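**Student:** For reference, the structure I am asking about is given below.
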Amino acid sequence: MFLQNSRYAKVATVVTTTSTGETVVALKLRYLTPMSGEPQTVQSGDRLDLLAQSRTGDATQFWHVADANTALDSRTQVETPGDTIIVPRN
């Protein structure tokens, strides 16, 4: 269902029924493990995929940056220049 390098590749699924009787498959909650990394000041135009590319050579690893900062919406991490985020070591 997900690419092998996706953060959701190994997350279990559950089957549930909605209030309207529809059966749906959902992902179980994915717990984040603590990560260490380097603090980085957000610059105008920063994006997590670009940060991942510069640190690891693989832009698809952007989700490691999101996880290190426990963001549900990774776009919020780079919207305010001057903020500090953690970029994991590769």
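The values are calculated or read from the model by the stated rules, or taken from the named source; none is laboratory data. It should be emphasised that the depicted structure is a prediction, and the values quoted were computed from it without experimental measurement. Because the Cβ atoms are built from the backbone with ideal geometry, glycine has one as well, and the counts that use them run over all protein chains shown.
**Student:** Evaluate the following for V65: is it out of contact with any helix residue (DSSP H, G or I) (no Cβ under 7 Å at 6 or more places or on another chain) and not aromatic (F, W, Y)?
**Tutor:** No.
**Student:** Please note which strands (runs of 3 or more DSSP E) are completely contained in the range 1-61 and include at least 2 residues that are within 30 Å of T84 (Cβ to Cβ) and either over 15 Å from the mean Cα position of the chain (by Cα) or at pLDDT 90 or above (or both).
**Tutor:** So the answer is 37-41.
**Student:** Identify, please: which residue in the range 21-58 is closer than 19 Å to E79 by Cβ and of a type in the set (A, V, I, L, M) and is, among those, surrounded by the fewest Cβ atoms within 10 Å (Cβ to Cβ)?
**Tutor:** The qualifying residue surrounded by the fewest Cβ atoms within 10 Å (Cβ to Cβ) is L50.
**Student:** I would also like to ask the following. Taking T18 and the conditions (1) surrounded by 10 or more Cβ atoms within 10 Å (Cβ to Cβ); (2) free of Cβ contacts under 8 Å to residues at least 24 places away in the same chain, which numbered condition does it fall short on, given that it satisfies the others?
**Tutor:** It fails just one condition, (1).
**Student:** Right, next: Is the range 31-54 home to any residue that is free of Cβ contacts under 8 Å to residues at least 60 places away in the same chain, small (G, A, S) and in contact with a Phe, Trp or Tyr (Cβ under 8 Å, 6 or more places away or on another chain)?
**Tutor:** yes
**Student:** Here is a follow-up. List the number of the failed condition for T70; all other conditions in (1) under 14 Å from the mean Cα position of the chain (by Cα); (2) surrounded by 16 or more Cβ atoms within 10 Å (Cβ to Cβ); (3) polar (S, T, N, Q) hold.
**Tutor:** So T70 meets the others, but not (2).
**Student:** Here's something else I'd like to know. Take the residues in the range 76-90 that are in a helix (DSSP H, G or I) and in contact (Cβ under 8 Å) with a residue 12 or more places away in the chain; name whichever of them is surrounded by the fewest Cβ atoms within 10 Å (Cβ to Cβ).
**Tutor:** Per the criteria, the residue is V78.
**Student:** Evaluate the range 62-69: report whether one residue or more is in contact with a strand residue (DSSP E or B) (Cβ under 9 Å, 6 or more places away or on another chain), among the small types (G, A, S) and in a helix (DSSP H, G or I). Step through it out loud before you land on a result.
**Tutor:** As a first pass, look at the range 62-69 and keep what is in contact with a strand residue (DSSP E or B) (Cβ under 9 Å, 6 or more places away or on another chain): 64-65, 67-69.
Narrowing further to those that are among the small types (G, A, S): 68.
From the residues that got through so far, the ones that are in a helix (DSSP H, G or I) too are 68.
Scanning the range 62-69, I find at least one residue that is in contact with a strand residue (DSSP E or B) (Cβ under 9 Å, 6 or more places away or on another chain), among the small types (G, A, S) and in a helix (DSSP H, G or I), so the answer is yes.
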